[in-house]
Amino acid sequence: MTTIYVDGKAVEVDPGSSLLNALLSAGFDVPYFCWHPALGSVGACRQCAVKKFKDENDTLGRIVMSCLEPVQAGMRISIDDPEAREFRANIIEWLMTNHPHDCPVCDEGGECHLQDMTVMTGHVYRRYRFQKRVHRNQYLGPFVEHEMNRCIQCYRCVRYYSDTAGGKDLNVFAAHNRVYFGRQEDGVLESEFSGNLVEICPTGVFTDKTCKSHFVRKWDLTTSPSVCVHCGIGCNIIPGERNGQLRRIRNRFNGAVNGYFLCDRGRFGYEFVNSSRRLRRAVLAGPEGGRPIEAGEAVKLVADLLSQREGVIGIGSPRASIEANFVLRQVVGSDHFYDGLDAAESRCLETALEIFRTGKARSPSLQEAARAEAVLILGEDPSNTAPLLSLALRQAVRQLPLQAVEKKQIPVWQDSAAREAIQDAKGPLFIATVEATRLDEISQDRFRGAPDDIARLGYAVAQAIDPGAPEAKDMSEQDLALAKTIAAALRTANRPLVVTGMSSGSVEVLKAAANVAWALCGENKGAGLLVCVPECNSLGLAMSGARPLDEAFEDARQGKVRAAIILENDLSRRASKKALDEFLGLCETVVVLDHLETETTEKADIVIPVSTFAEADGTLINNEGRAQRFYKVMMPGEGVRESWRWLRDIGRETGSAEVGTWQRLDDCLGALIEAQPQFKGVERTAPRAGFRLTGQKIARQPRRLSGRTSGPAGSGGPEITPPADPDSPLAFSMEGYQGQPPSSLIPFYWRPGWNSVQALNKYQSEVGGSLRDGDPGIRLIEPPEDARARYFTDIPPGFTPKNTEWLVVPLYRVFGSEELSRQAPAIKELIPGICLSLSPFDAGQLGVSDADEVELTLDERVFVLFVRISEGMPRGVAGIPLVAPGIPGPVLPAWGRIRKRSR
Amino acid sequence: MEKPLTQHIKPGQSLDLKGYEKVGGYQSLKKALKEMTPLEVQTAVKEANLKGRGGAGFSTGVKWSFVPRGKDAPRPKYLVANGDEMEPGTFKDRVLMEGNPHQLIEGMIVSAYAVEADHAFVFLRWAYKTSARRLEEAIAEAYQAGYAGKNILGTGYSLELHVHTSAGRYIAGEETALLTALEGRRAYPRSKPPFPQVSGLFGQPSVVNNVETLCNVPPIISNGAAWFKTLSLTDEGGTKIYGASGRVKRPGYWELPLGTPLREIVEERAGGMAEGYQLRALLPGGASTDFILEENLDFPFDFTHTAKAGSRLGTGTFIALDHDTCPVGFVHNLERFFARESCGWCTPCREGLPWVEKILRALESGDGRPEDIDLLLAHVKHLDMGRTFCPLAPGAMEPLRSGLHYFREDFERHVKEKRCPWKRGK
């Protein structure tokens, strides 16, 4: 820390930052637009002007832009200087010469950074009397609304979109006061991170189109700290609710995970919560169809089933919380609790856990991944499966070049200069996948092959790093050379990273990745092994030690299963139709707890409606092994309850002494940790329900929330009491603590004068860094002291294409593959069509071209598909995007016959 | 009188390589590359006191000295000739490029050698089609003669020469925006530090010099720094191409000793005002300089003295304002140019210049209001160096500031009389 003088007062600041960052971190209110903690300084808007003095005797000083001014020990500056004040107010006045003053009809009103800065600078009277420039707006897709007249030309959008997100189709056009930010022509924004524009844009140019469909003033929202449920990364979010409807998702800062950004799937995939296909009543199936039953009756029916203790099994879910899975497990007994995963995934998760529990490699956070100096991606496409990871990897390839830039005395935060000095230089990133990915463009080299070949490449890399690692025999010269190059890059880097996952269903790839990471660890490198997992609690479920679903099917075939209780799981996504139909047929009674109609609920005897993430509390374990708590943003509707409460009630009804005593989530969690010590640490993710600050609960609503009593006034009757929330320290009220609570409990960002997302600055110790109280989440998995794992040696033979059959592999798609988000209308618009990806060679063999139809015979069914020729797709392999239920997701990868469809 | 820049330039003609060699061309190249070290070339230019002729007047030798030298310096390094002459009123570089392109090329090669550059570019104004043609022909000739390319004249020094035509924005004449444009990107300026010598074209060490500046390098090397200093009437070194536009008898250009009295240039070279017109004031160095009144023309027209007179030498090509021309309209015309040419990066320039233009337009059309003058003065105060991102807007304010200062009454008449008093029949 170093001392500077601000308006005569000594202040301690970080010597490596810009003056603006230092002043904001010290709590001063300096206005700004174009600067952003994640984007750095460019000095365009001139809003952050302060006066700088040569020394104590200099009374005149000169105006400088604090965002471009490096902190220097002893520097003397003034924020309050009258000339600086006047200049800052003038900046607003200049921006107001063209700004449309449409606050009353602008979505951004109430959380608008321009509004805040206008008030902060004191500008009130616009002297400009001439015409304003106007623009035409563009259609940019179903997520982001465009209103260019509001633009203040801060350039944040295009800088974020190109530089951070790697997008190509949003640019700046024209010049002088007609600069225009948009696409070359109307069309859907191509980047899967386009949604962050709505938070990056300081005005209402880019706004959330999905929120517009059920518009709400942002100060009227009830908000909660929550966690995204649409992939395994576990980005932190802030859902916003009003009048029983989920209105939008906003980013919740977590410096260790998602930082400032979300992907579009996570931001816009929430509409399933409001869907008309929500289950709202318990239903009992009968000969004349299902009839609604009371909750009590449903609980009794299931409890009766269990009382005949034999043969009732429970099937858990990777998208249900650890608490819900646990209660089910307790209720049916650990022997009767199954994981509800498809076989390949189950094996992969088990292997991943074993790798982490016995090996030296550390599972890094996303923030740590962003700082990796060299990266090998083995057999996973994060741009589709775990988008925020691909954003982090775009930062990783800047690490080495940035080090070179710092040698030129160019501070990293001086963004334009740093980027100019770096040019196209990138650190080493290698990607080995079945098909081309959006990360190819930042890669040094790429490998395309079948999953087994990808694994073999991994084994070769490991051996090139450590000759003691097992050798993959019969590899081509070319592949061996690539392996050596990758090995060299990983070895020389200070923080090498191996990224892998299970979306190809291959456990071989996981093992190979482990070998690489372990080989690097042997060299005393801080090597990370990042394993992408498919769903928001895949790892949590795997850690609970559930039995594989396969065994449930086998047990059923052996007559050991009489009934199944299925928790938040559509099993049609987990097994082949044949296997599932057989299993369900063997069960006398099928009970399903879920929030939406699915193929499985259709086949259930008893359906029990449960809360979504928005109406429940719980803990999820992400791919890193980080336990994070999510809190409900609204109470579940009439007839609906949290899964764990339903199951507790069922347990209580069966007479279970233990389960019956649980009142609050804390009780359940306490028992969970007791029974499953591998989850020890989860109790530290968040304070207990009784936690208070200044004697108050923490308010989920800002003081400005309106219509709490007038809203329902028309229906007559007395004032509605805000619902109690026994499970958390949060309150469904604006009455409560409004300051900064512990990080895991932050429901919104607000400070006097800071009504926009920028208020987050006040919650961080250093702006751009971790929250004052640390970033949310508790890591549960660390490499063991005495790591005993030995290299995996079961190296698969090289993939050999067959003559009449193709290895059909699943291709995960950012929109359409994830079960819940795909139901959002906005996301539905972007789900790609089903087609079969073939290499040009194979297409030639089959005599088909792009868009021809083929018949794929697989899993004893015939699918008719269009062909999509995919450059780089390996021979003998075909790919199907997982975008429609029923198209054989659970059975892939599998061999299938393909032939051209005759007309 | 010695005219090292224009002595061989004849109107409508261009000197080819043979013609240039005949009058002593490429001698300095041979001397520099064969007999001098890069540092010695730099020293000569520094001692000659050559100041940048693009308008800033910064010592060329000192500018070069900031480029990292030696075998550990980052490679490649670049030298750029700024031929994006778009300052209104300025045409001197066009004269040089069209009339004697080889002198520029020789100057570029010697200067590139001085900073150990590997590539040199001429960044050319879009509209200078003739210059583009002539430069490309001349460069081809230079390559053929072995003055450019690999291992020039067997000295071991290599330099590739390129002509790049701008897409046509005034801001691209600002050196950092020029470099960005040369990279194929939108022409936005860069903040300094880092300076181009550290991170310039493509992030590499680069130096940008004006065409006229570079054309001075061959004579300096051939004849020495001391000789160059004697050419000037003051202590600033060398000659200057001065120019005149506006209602003078003889608009045009003249190469004269730097420091020639301004009045002499106005009255003797340009012949004073045309029949029936009287000089009221002039902008000495192009549109973005402050007015100097007719009665204040008696000073040596060099960098230092022009600054003392409250203006800038700039490009040394003056624009005359006569008594029959409305000064408000005169300034409005210029502000329209500047507003249009704003790159759109920073708020005060992007939003302030169009506002200024609209106010001046309102004054001219009789819709001016009393507060308009205050608004103009507020802009003059706030569109200043350090407050805007680059010098474009501060330059735009120079004619406005001095116009308001000297012609305040005329501005106020526009408001009071609700018309432009110079417009007839209104």
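The values are calculated or read from the model by the stated rules, or taken from the named source; none is laboratory data. Since this is a predicted model, take the numbers as computed values, not measurements. Quick reminder, even Gly has a Cβ in these numbers, built from the backbone with ideal geometry, and neighbours come from all protein chains shown. Keep in mind that these areas ignore ligands, DNA and RNA; they rest on the heavy atoms of the full protein, side chains included. Shrake-Rupley method; radii C 1.70, N 1.55, O 1.52, S 1.80 Å.
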Can you tell me how many residues within region B:363-383 are within 8 Å of chain A (Cβ to nearest Cβ) and either in contact with a Phe, Trp or Tyr (Cβ under 8 Å, 6 or more places away or on another chain) or within 21 Å of A:ILE63 (Cα to Cα) (or both)? 3
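Give the residues of region A:113-122 that are touching a helix residue (DSSP H, G or I) at 6+ places or on another chain (Cβ under 9 Å) and either within 13 Å of chain B (Cβ to nearest Cβ) or not polar (S, T, N, Q) (or both), sorted by residue number.
Matches in region A:113-122: A:HIS113, A:LEU114, A:ASP116, A:MET117, A:MET120, A:THR121, A:GLY122.
Can you tell me which residue among B:LEU283, B:LEU321, B:LEU313 is within 19 Å of the chain's Cα centre (by Cα), closer than 14 Å to B:PHE407 by Cα and hydrophobic (A, V, I, L, M, F, W, C)?
The conditions single out B:LEU283.
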For region A:719-760, how many residues are buried (at least 20 other Cβ atoms within 10 Å of the Cβ) and either in a helix (DSSP H, G or I) or among the β-branched types (Val, Ile, Thr) (or both)? 7
Out of (1) touching a strand residue (DSSP E or B) at 6+ places or on another chain (Cβ under 7 Å); (2) within 12 Å of another protein chain (Cβ to nearest Cβ), the one B:GLY203 does not meet is (1)
Quick one: what pairs do we get from region A:667-693, first residue of a type in the set (Asp, Glu), second modelled with pLDDT under 95, C-beta under 9 Å, 6+ apart or different chains? A:ASP667/A:THR661
Just need a number here: residues in region B:384-401 that are at the interface with chain A (Cβ under 9 Å from one of its Cβ atoms) and in contact (Cβ under 8 Å) with a residue 60 or more places away in the chain. 1
In region A:149-178, which residue that is in contact with a Gly (Cβ under 7 Å, 6 or more places away or on another chain) and farther than 26 Å from B:TYR170 by Cα is most open to solvent (accessible area, probe 1.4 Å)? A:ARG150
A:SER276 fails exactly one of the following numbered conditions: (1) open to solvent by 10 Å² or more (accessible area, probe 1.4 Å); (2) on the phi > 0 side of the Ramachandran plot. What is the number of that condition? (2)
Please state which one of A:ALA26, A:ALA38 is of a type in the set (A, V, I, L, M, F, W, C) and touching a Ser or Thr at 6+ places or on another chain (Cβ under 9 Å). A:ALA38
Among the residues of region A:671-702, the number that are over 21 Å from A:LYS632 (Cβ atoms) and part of a loop (DSSP other than H, G, I, E, B) is 5
Per the filter on region A:275-303, residues in a loop (DSSP other than H, G, I, E, B) and touching a His at 6+ places or on another chain (Cβ under 7 Å) are A:LEU279
Quick one: which strands (runs of 3 or more DSSP E) lie wholly within region A:37-112 and hold at least 3 residues that are within 14 Å of chain B (Cβ to nearest Cβ), acidic (Asp, Glu) and out of contact with any His (no Cβ under 7 Å at 6 or more places or on another chain)? none
Taking the condition open to solvent by 10 Å² or more (accessible area, probe 1.4 Å) and either assigned to a helix (DSSP H, G or I) or outside the structural domain of B:ARG53 (by TED's automatic domain parsing) (or both), does B:TYR157 pass? no
Selection within region B:274-330 - open to solvent by 10 Å² or more (accessible area, probe 1.4 Å), in a helix (DSSP H, G or I) and of a type in the set (A, V, I, L, M): B:ALA307
Can you spot a residue in region B:173-193 that is in contact with a helix residue (DSSP H, G or I) (Cβ under 7 Å, 6 or more places away or on another chain), in a helix (DSSP H, G or I), surrounded by fewer than 21 Cβ atoms within 10 Å (Cβ to Cβ) and not hydroxyl-bearing (Ser, Thr, Tyr)? no
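Residues checked against (1) buried (at least 18 other Cβ atoms within 10 Å of the Cβ); (2) within 27 Å of A:ALA22 (Cα to Cα); (3) modelled with pLDDT under 95; (4) away from chain B (no Cβ under 14 Å):
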residue	(1), (2), (3), (4)
A:LEU388	yes, no, no, yes
A:LEU391	yes, yes, no, yes
A:SER416	yes, yes, no, no
A:GLY427	yes, no, no, yes
A:ILE431	yes, no, no, yes
A:ILE442	yes, no, no, yes
A:ALA455	yes, no, no, yes
A:GLN463	yes, no, no, yes
The condition of being surrounded by 23 or more Cβ atoms within 10 Å (Cβ to Cβ), at the interface with chain A (Cβ under 9 Å from one of its Cβ atoms) and touching a strand residue (DSSP E or B) at 6+ places or on another chain (Cβ under 9 Å) holds, among B:PRO354, B:PRO348, only for B:PRO348
Enumerate the pairs (first residue in region A:424-437 and under 18 Å from A:ALA455 (Cβ atoms); second residue anywhere and modelled with pLDDT of 95 or more and charged (D, E, K, R)) with beta-carbon separation below 6 Å, excluding pairs fewer than 6 apart on the same chain, so at least 6 apart or on different chains. A:PHE430/A:ASP445; A:ILE431/A:ARG446; A:THR433/A:ASP381; A:THR437/A:ASP381
Screening A:TYR180, A:TYR155 for residues that are touching a helix residue (DSSP H, G or I) at 6+ places or on another chain (Cβ under 8 Å), within 30 Å of A:ALA418 (Cα to Cα) and within 11 Å of chain B (Cβ to nearest Cβ) leaves only A:TYR180
Before we move on, is A:ALA370 of a type in the set (A, V, I, L, M) and away from chain B (no Cβ under 14 Å)? yes
Residues of region A:643-691 classified as closer than 19 Å to A:ARG779 by Cα and polar (S, T, N, Q), total: 3
Residue among A:GLU323, A:GLU345 that alone is crowded, with 24+ Cβ neighbours inside 10 Å, modelled with pLDDT under 95 and not basic (Lys, Arg): A:GLU345
Exclusive hit being hydrophobic (A, V, I, L, M, F, W, C) and farther than 20 Å from B:THR90 by Cα, set B:ALA132, B:ALA145, B:ALA177: B:ALA145
Do we find that B:PRO218 is within 20 Å of the chain's Cα centre (by Cα), of a type outside the set (A, V, I, L, M, F, W, C) and either in a loop (DSSP other than H, G, I, E, B) or over 25 Å from B:GLU255 (Cβ atoms) (or both) in this structure? no
Which one is farthest from the chain's Cα centre (by Cα), of the residues in region A:140-152 that are away from chain B (no Cβ under 14 Å) and in a loop (DSSP other than H, G, I, E, B)? A:GLU147
Is region B:125-143 home to any residue that is away from chain A (no Cβ under 14 Å), part of a loop (DSSP other than H, G, I, E, B) and not hydrophobic (A, V, I, L, M, F, W, C)? yes
Has region B:345-353 got at least one residue that is outside any loop (DSSP other than H, G, I, E, B) and farther than 27 Å from A:PRO82 by Cβ? no
